[in-house]
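Before any comments, here is the structure.
What follows draws every value from the coordinates through simple rules; no lab data is involved. This one's a predicted model, so the numbers in the text were calculated from it and none came from an experiment. Cβ: placed from backbone, ideal geometry, glycine included. Neighbour counts: every protein chain shown.
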């Protein structure tokens, strides 16, 4: 067992694998953006809190569907404070 330290080659391989995995992740998560958006239509607090938590973790991926639904997401989130 080598531990947590990666050599230069291992780091480069891991980085290339991460880039490939990020595109795969975007392709797999994008169809669920609409479902995430619809989850804000409920009045059940645990679902809303979970949806916000998921949103925090996927917003940095720049999902294409998220970009098109950005205005709806913002409206839903701002309506939580009414």
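Observations on the model:
- Each listed q (0.17, 0.20, 0.24, 0.25 Å⁻¹) maps to a log10 I(q)/I(0) for the range 8-79 from the Debye sum over equal C-alpha point scatterers, namely -0.66, -0.82, -1.05, -1.12.
- Per-residue Cβ neighbour rank within 10 angstrom, fewest leading, 22, 71: 71, 22
- Using a Förster distance of 35 Å, the FRET efficiency for residue 27-residue 77 (Cβ separation, nearest 0.05): 0.85
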